Amino acid sequence: MDIWEAIILGIVQGLTEFLPVSSSGHIEIGTHILGTNTSENLKFSLVIHSATALSTMVVFRKDLLTILSDLFKFQNNPSTNFTFKILLSAIPVGLVGYFFEDQISVLFGGNIVLVGLMLLVTGMLLALTYFAKPSSGDINTPRALIMGIAQTVAIVPGISRSGATIATALLMGVDKELATRFSFIMVLIPIMGASLLKLLDLTQNPSLSPGISNQVLFIGFISAFLYGLVACSLMIQIVKKGKLIYFALYCFALGSISLILY
């Protein structure tokens with residue numbers, strides 16, 4: 001992997017992690033087009049996912065600091081309730097990731113037809129939000145669990161994680177701003193958990209990522225982080241204005257092109 005590939009894939013990851021168009025699907029398409037050495041992907045994937053996690057923390061730093069501050073009061077307050085729901089939402093993806101790791105890994109590896117089909121599914125889910133009535137509903141325990149299940153389905157490349165979770169929340173009548181905030185914060189636990197597992201794999205078997213330089217990793221990290229900041233902030237405004245239908249059209253177009261070409 002060279003510097004230009006790192007820049008391009010970092011930008012793709014940063015933008016599509018938050019925009020509802022599937023970062024995993026775009027990375028699969030991008031690595032296929034660029035012909036990137038898949039043996040290098042584990043370490044690079046760890047780096048760019050860590051970058052987007054950091055960009056989430058920066059954008060929602062006030063929320064996260066408030067939550068941490070309230071948690072250390074050791075009282076029952078809105079932050080402890082919010083944290084409980086975040087932890088609950090992480091259970092489905094944690095269980096599936098732990099028990100079906102080998103089956104999940106088979107889904108990745110350049111299966112562009114699968115990506116195309118799942119992009120069409122993402123498009124249909126986003127299109128449904130066009131008909132959702134504006135609401136100011138809260139995220140209760142059942143809704144948090146359902147959003148967690150939606151996040152689990154988004155393990156499949158081509159299903160947008162942010163698109164699936166935010167669209168599911170809106171269809172359940174959750175307030176737009178709350179749905180976006182919860183969706184972006186809830187991903188921190190799966191990202192950090194998956195990154196830790198990848199780090200352990202690399203520690204035990206360094207040969208999983210041969211030949212990739214620290215310079216390339218640094219460039220990929222910076223690209224993903226900076227564009228993640230832009231996309232995360234932009235997505236908050238997009239959901240508020242109810243513009244998800246445009247991303248539905250994009251997913252329909254890219255999914256169709258993928259199926260036709262590959």
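Read-outs throughout are calculated quantities, based only on the coordinates presented, and are distinct from any laboratory measurement. Only a predicted model underlies this, so the values are computations on that prediction, with no experimental measurement involved. Cβ sites come from the backbone with ideal geometry, for glycine too, and all protein chains shown count toward neighbours.
Structure above, values below:
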| read-out | value |
| --- | --- |
| Some residue of segment 29-38 being closer than 17 Å to GLN151 by Cα, in contact with an Asp or Glu (Cβ under 7 Å, 6 or more places away or on another chain) and part of a helix (DSSP H, G or I) | no |
| Test set (1) surrounded by fewer than 17 Cβ atoms within 10 Å (Cβ to Cβ); (2) within 15 Å of GLY193 (Cβ to Cβ); (3) not hydrophobic (A, V, I, L, M, F, W, C) - GLY148 fails condition number | (1) |
| Residues of segment 55-78 that turn out to be more than 28 Å from GLY14 (Cβ to Cβ) and of a type in the set (Ser, Thr, Tyr), as a count | 1 |
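This table checks each residue for (1) basic (Lys, Arg); (2) over 14 Å from LEU46 (Cα atoms); (3) surrounded by fewer than 20 Cβ atoms within 10 Å (Cβ to Cβ).
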| residue | (1), (2), (3) |
| --- | --- |
| VAL187 | no, yes, no |
| LYS198 | yes, no, yes |
| LEU234 | no, yes, yes |
| LYS243 | yes, yes, yes |
